[in-house]
Amino acid sequence: MRQAADRFGTPLYAYSAPVLDAAIVRVRAAFSDARIWYAMKANPNLTLLRRMHSAGVGFECVSLGELGRAVKVGAGGQEILVNGLAKTDDEYRLGGELGATFIVDRPEEVGLLPPASRVLVRVNPGLSVSTHDHLATGAADSKFGVRPDQLPETVSALRSGGHILRGLHLHIGSAIRDTGDFGAAFGRVAALSALTGELEVLDVGGGWGLDADLHGIAAEAKKAAASFGAALWAEPGRYLVAHSGVLLTRVMGHKATGREFTLTDAGMTELLRPMLYGAVHPVRALWNSRAGEDETSLSDLAGPACESGDLLGRDVTLPSGAVRGDLLALLDAGAYGAAMSSSYLTRPRPAEVLWDGSDWVVMRRQETVQDIWAAEE
Ligand SMILES: Cc1ncc(COP(=O)(O)O)c(C=O)c1O
């Protein structure tokens with residue numbers, strides 16, 4: 001990783017293809033013959049998408065841009081899910097032309113679908129789950145999904161409208177800590193089989209923690225799918241890509257106010273998760289320990305933005321005596337890292353590179369300031 005930072009500069013997103021491949025293998029091992037759809041919002045880089053596509057993974061897309069990415073890497077309609085709670089006319093049109101499967105998120109959507117659409121209905125199981133509020137999507141007051149009491153009218157509108165109801169869908173949130181939440185949610189949806197009868201598909205979404213018991217989640221999911229006589233689909237995002245990526249950043253200096261800070265050249269513009277929902281990323285110091293400097297110290301990692309919330313970590317333990325230029329790696333940054341990076345403060349978004357097993361390959365060049373203002377000229 002040091003080589004990559006020296007070669008491509010920092011901040012830098014560095015990914016490992018073998019680690020990504022291993023995550024796909026783990027998911028397949030747990031979910032057996034379930035169909036896997038990658039929620040590309042986690043990291044939509046074309047190189048990663050191509051790799052997943054060639055491994056037989058389909059794509060869950062939530063915007064016209066994401067649909068465009070799926071098409072660009074060669075996915076056909078059978079390999080694309082069109083999701084989103086406020087789909088645009090263009091998204092309906094393209095999804096229809098491709099013959100993709102739509103995930104319907106509210107009863108009113110039935111009237112907006114292209115003719116003879118293939119459809120899953122997203123159900124809101126009305127369940128509080130163990131994650132940050134901003135990441136919970138299956139709670140009764142969240143904006144996602146069709147309420148169970150709306151399911152009969154939605155199903156009959158779809159059927160009488162000439163659409164093909166393939167099955168139900170749920171996604172209860174992201175970075176769920178308690179695996180038991182999945183079983184509880186799947187159980188609530190399984191109970192709806194009394195309303196729907198047999199279905200072709202049950203899509204149980206994603207949201208698995210990085211150390212989640214995948215076999216346990218898969219067992220509950222298979223049980224729920226069986227109650228519809230349905231094939232099982234799953235839609236992981238973070239689980240597939242988070243471990244494979246790190247954010248490399250260099251120490252810029254130190255300061256002390258009421259707290260101790262280690263200043264870094266990356267911040268909220270490169271990695272928003274800590275600020276957005278208090279995500280904690282493990283931090284590794286990548287400098288060789290200096291003689292006599294085996295002590296550690298605690299500090300907050302402060303990014304360069306003029307925002308008090310621009311902290312990549314709090315109370316991070318680092319070897320004492322870091323100097324300007326020392327390298328840090330923020331781990332598990334492959335999901336919702338680069339994908340959420342921004343050019344706020346006219347800071348070009350970082351390059352992304354992939355270790356393909358023998359060398360580093362650039363999968364996104366560093367943005368330039370000219371790229372940022374090109375659309376304004
Ligand atoms: C509908 C849907 N499916 C799957 C996912 C993937 O979630 P995660 O990355 O936590 O696995 C998301 C994430 O927001 C989602 O909205």
Restricting the range 201-217 to residues that are assigned to a strand (DSSP E or B) and either closer than 21 Å to Ala23 by Cβ or touching a residue at least 60 places away in the same chain (Cβ under 8 Å) (or both), the residue that is nearest to the ligand (Cβ to nearest atom): Trp208
Which listed residue, of Leu127, Leu165, Leu192, Leu112, is crowded, with 18+ Cβ neighbours inside 10 Å and either free of Cβ contacts under 8 Å to residues at least 40 places away in the same chain or within 22 Å of the chain's Cα centre (by Cα) (or both): Leu127
Residues located in the range 12-66, provided they are part of a helix (DSSP H, G or I) and of a type outside the set (A, V, I, L, M, F, W, C): Pro18, Asp21, Arg26, Arg28, Lys41, Thr47, Arg50, Arg51, His53, Ser54, Gly65, Glu66
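Condition check ((1) within 15 Å of Val119 (Cβ to Cβ); (2) away from the ligand (no atom under 13 Å from the Cβ)) across all residues:
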{"position": "Val146", "(1), (2)": "yes, yes"}
{"position": "Ile172", "(1), (2)": "no, no"}
{"position": "Ile176", "(1), (2)": "no, no"}
{"position": "Leu199", "(1), (2)": "yes, yes"}
{"position": "Ala219", "(1), (2)": "no, yes"}
Positions within the range 236-250 being more than 16 Å from the ligand (Cβ to nearest atom) and either closer than 30 Å to Asp203 by Cα or buried (at least 24 other Cβ atoms within 10 Å of the Cβ) (or both), in sequence order: Val246, Leu247, Leu248, Thr249
Gly334 being in contact (Cβ under 8 Å) with a residue 40 or more places away in the chain and within 21 Å of the chain's Cα centre (by Cα): yes
Matching option when the condition is touching a Leu at 6+ places or on another chain (Cβ under 8 Å) and either within 14 Å of the ligand (Cβ to nearest atom) or hydroxyl-bearing (Ser, Thr, Tyr) (or both), among Arg26, Arg51, Arg2: Arg26
Number of positions in the range 322-357 that are at pLDDT below 95 and more than 22 Å from Leu263 (Cβ to Cβ): 1
Count of the range 251-276 residues which are more than 15 Å from Ala175 (Cα to Cα) and either within 13 Å of the ligand (Cβ to nearest atom) or part of a strand (DSSP E or B) (or both): 11
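The rows are residues; the columns are (1) at pLDDT 95 or above; (2) away from the ligand (no atom under 14 Å from the Cβ); (3) over 20 Å from the mean Cα position of the chain (by Cα).
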residue: Ala14; (1), (2), (3): yes, yes, no
residue: Ile36; (1), (2), (3): yes, no, no
residue: Phe59; (1), (2), (3): yes, no, no
residue: Leu64; (1), (2), (3): yes, yes, no
residue: Gly77; (1), (2), (3): yes, yes, yes
residue: Ala86; (1), (2), (3): yes, no, no
Residue within the range 70-87 that is among the hydrophobic types (A, V, I, L, M, F, W, C) and in a helix (DSSP H, G or I) present: yes
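The values are calculated or read from the model by the stated rules, or taken from the named source; none is laboratory data. Treat the numbers as computed from the prediction; the structure is a model and nothing was measured. For neighbour counting, all protein chains shown are included, and Cβ atoms are generated from backbone atoms with ideal geometry for every residue, glycine included.
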